[in-house]
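S.K.: Have a look at this one.
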Amino acid sequence: MVASVIVLALTATSCSTGSSRPRVVMIGNSITLLARPAIGRTLDPVYDVGYVFRVGVRIDQMVGLVGSDLQDNGPTSAAVIELGTNDAIQGVASTRALASLDRLLATTASVRCVVLTTVNSSADVRGGGDVAAALNERMRLLAAADPRRYKVVDWNAFVHSLGPGPFSGYLQADRTHETALGAEWIAASDAAALHTCGTTKPAPLLPAAGR
């Protein structure tokens, strides 16, 4: 998955600044990269935000990077995971993608709250498989089993709730990467989900702008 403005794979990490704000690490791919300005505007006033992402990456390719980040940057209060789209697009076996997610979640065992972002199921159409569906179901089950720790930002449900007009306002023509408006929705949803950490309240499904 490569956005039109991106020509090189990129990894970004943020070192601990010693801030008194709780640290949140954003773990993802090019969707995270595109949302980063909106995430910064929304979360930085409250959280010490770190980033671990790489363009075009599968879940399994992030496990080591996340482990290093958590080891190097001190206590982390929450992790926001935006991964799985490339697993679906590349058509990897759903069992492999689920095992990769399990490994990543084991790596984040020290983190008190984990926000999981569902995968737009259009990626399954491109990959000819059921990876997004399997990952999204696993996320739902995790949040149901441990709602204080796991929260779900349901990007998939949101984009498929939109009509053709609003849909194009939130997704680029590739139907995978978000527009600037989509990035604002993701950032606001991440903030809302983080606000429910430690409670049994589910992360809210925010409406489209103007609704």
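S.K.: State all residues of the range 135-153 that are more than 23 Å from Gly91 (Cβ to Cβ) and either of a type in the set (Asp, Glu) or modelled with pLDDT under 95 (or both); if no residue qualifies, say none.
M.R.: The one that is more than 23 Å from Gly91 (Cβ to Cβ) and either of a type in the set (Asp, Glu) or modelled with pLDDT under 95 (or both): Asp146.
S.K.: Working only within the range 114-159, note down all residues that are under 17 Å from Ile186 (Cβ atoms) and in a strand (DSSP E or B).
M.R.: Val114, Val115, Leu116, Thr117, Lys151, Val152, Val153
S.K.: List, please: which pairs have Cβ atoms under 7 Å, are six or more places apart or on different chains, and start with a residue in the range 168-185 that is assigned to a helix (DSSP H, G or I) and open to solvent by less than 70 Å² (accessible area, probe 1.4 Å) and end with one that is among the charged types (D, E, K, R) and modelled with pLDDT of 95 or more?
M.R.: Tyr170/Glu178
S.K.: With the condition kept exactly as written, say whether any residue in the range 62-79 is open to solvent by less than 10 Å² (accessible area, probe 1.4 Å) and out of contact with any strand residue (DSSP E or B) (no Cβ under 8 Å at 6 or more places or on another chain).
M.R.: Looking for residues that are open to solvent by less than 10 Å² (accessible area, probe 1.4 Å) and out of contact with any strand residue (DSSP E or B) (no Cβ under 8 Å at 6 or more places or on another chain), one finds none in the range 62-79, hence no.
S.K.: Would you point out which residue out of Asp60, Asp102 is modelled with pLDDT of 95 or more, within 16 Å of the chain's Cα centre (by Cα), closer than 28 Å to Thr200 by Cα and charged (D, E, K, R)?
M.R.: It is Asp102.
S.K.: Oh, and also: Sort out which residues of the range 43-58 are in a loop (DSSP other than H, G, I, E, B) and within 24 Å of Ala192 (Cα to Cα), and write them in order of number.
M.R.: Asp44, Pro45, Val46, Tyr47
S.K.: Then there is this: What pairs come out if I take residues in the range 95-109 that are hydroxyl-bearing (Ser, Thr, Tyr) and pair them with residues that are assigned to a loop (DSSP other than H, G, I, E, B) whose C-beta lies under 9 Å away, six or more apart or interchain?
M.R.: Ser100/Arg58; Ser100/Ile59; Ser100/Leu83; Ser100/Gly84; Ser100/Val92; Thr108/Thr76
S.K.: Would you pick out the residues in the range 154-211 that are of a type in the set (Ser, Thr, Tyr) and modelled with pLDDT of 90 or more?
M.R.: The answer is Ser161, Tyr170, Thr176, Thr179, Ser189, Thr196, Thr199, Thr200.
S.K.: Would you say Ala191 is open to solvent by 20 Å² or more (accessible area, probe 1.4 Å) and either in contact (Cβ under 8 Å) with a residue 40 or more places away in the chain or more than 18 Å from Arg58 (Cα to Cα) (or both)?
M.R.: yes
The values are calculated or read from the model by the stated rules, or taken from the named source; none is laboratory data. Remember, predicted model here, so these are calculated numbers, not experimental data. Glycine gets a Cβ as well: all are built from the backbone with ideal geometry, and neighbour counts include every protein chain shown. Ligands, DNA and RNA are excluded from the accessible area calculation, which covers all protein heavy atoms including side chains. Shrake-Rupley method; radii C 1.70, N 1.55, O 1.52, S 1.80 Å.
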